[in-house]
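This report refers to the structure that appears directly beneath it.
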């Protein structure tokens, strides 16, 4: 922490005693040892709020400064955005302690029942967090296409860092993660970068409009994909990941998944498919109307089994855009990002 400014986030200054008791009673208390992290993958059942009971916790924010959380601190890294509270980041325990954890799905139910609680949560999070509502200024972030070796290497490095930190792959000497589909003619990867040109996240898109074209999931889920229709146009999302420090960013996920939608829109896809770990499926099901169409199966290149998800693009795209306008794509934008 040497050389970084430490920021103390205040107590529940916006909450009544009744609201504090609601939050405390709705969470679960866990004990954390020094050096451990409070960290879960992003999904509607991920941690949205942590309340420090004792001990000391810290987190390095995106400006490089360290936020310090002593007992009584309210820890949350975003405001409620499109009805989805952001997950907390990687909070490190500096001195043994305990925290009350509230999960997204629980918090959503509380806020639907109690409007004043929701309003005070917004006020408090804006007060104590440096991560405010995602900016609509698209100039702050940019997307690169994997059409040159430099971008490809950056994508492979980011995949390795993200998947290895999530214990999805084993350690490798080269610290790159790629496969034969990265060079396929029906494949294109995208790299999301910030205004400092640092890597935020990446996603790969594959197009299947002919039986001659393969997909990442085809060998493992051949019969499930075949049931979608032999003549169906399918867009596959794969190798979707964020840098560890960006894991809780819904905006980053939306920016990247728009590349999938751009291809689905342009090629008039019947279905979008993706293979994910079962614990990550809720995000796809809730926001983008995906449905599980397979049982868990071993998946090449990764440690944990995956399930296959699919969404009827033509049926659900307009509804998804109604709920999340950020997903809207028009022809002029789509043509910039398509597989060629």
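Things to note:
- Exposure proxy shown here: for 251, 230, the number of other Cβ atoms within 10 Å sets the order, fewest to most, as 230, 251.
- Global geometry of the stretch 295-334, whether rounded, prolate or oblate, following the gyration tensor of its Cα atoms and the 1.5 cut on a/c: prolate
- For the stretch 209-246, the residues whose backbone nitrogen is under 16 Å from a point 7 Å from the Cα of residue 180, taken along Cα to Cβ, are 212-222.
- The alpha carbon gyration tensor of the stretch 153-271 gives principal lengths a ≥ b ≥ c with a/c of 1.5 or higher and a/b greater than b/c, which makes the shape prolate.
- Neighbour-count order for 75, 320, 260, fewest beta carbons within 10 angstrom listed first: 320, 75, 260
- On the principal axes of its alpha-carbon atoms, the stretch 204-340 has extents of 38, 36, 26 Å, going from largest to smallest.
- For the stretch 270-340, the square roots of the Cα gyration tensor eigenvalues, ordered a ≥ b ≥ c, give a/c of at least 1.5 with a/b greater than b/c, which places it in the prolate category.
- Note on the stretch 314-340 and the stretch 247-313: Cα centroid distance 15 Å, given to the nearest whole angstrom.
- At full extension, residue 231 and residue 323 could sit 30.1 nm farther apart than now, given 0.36 nm per residue minus the alpha carbon distance.
- Sequence-distant contacts, meaning Cα pairs under 8 Å at least 6 residues apart, place the relative contact order of the stretch 130-287 at 22 percent.
- Put in line by how crowded their Cβ is, counting other Cβ atoms within 10 Å and starting with the fewest, 319, 282 read 319, 282.
FYI, it's all coordinate maths here, none of it is from the lab. Here the structure is a predicted model, which is why all the values come from computation and not from measurement. Every residue, glycine as well, gets a Cβ built from its backbone with ideal geometry; the counts of neighbours run over all protein chains shown.
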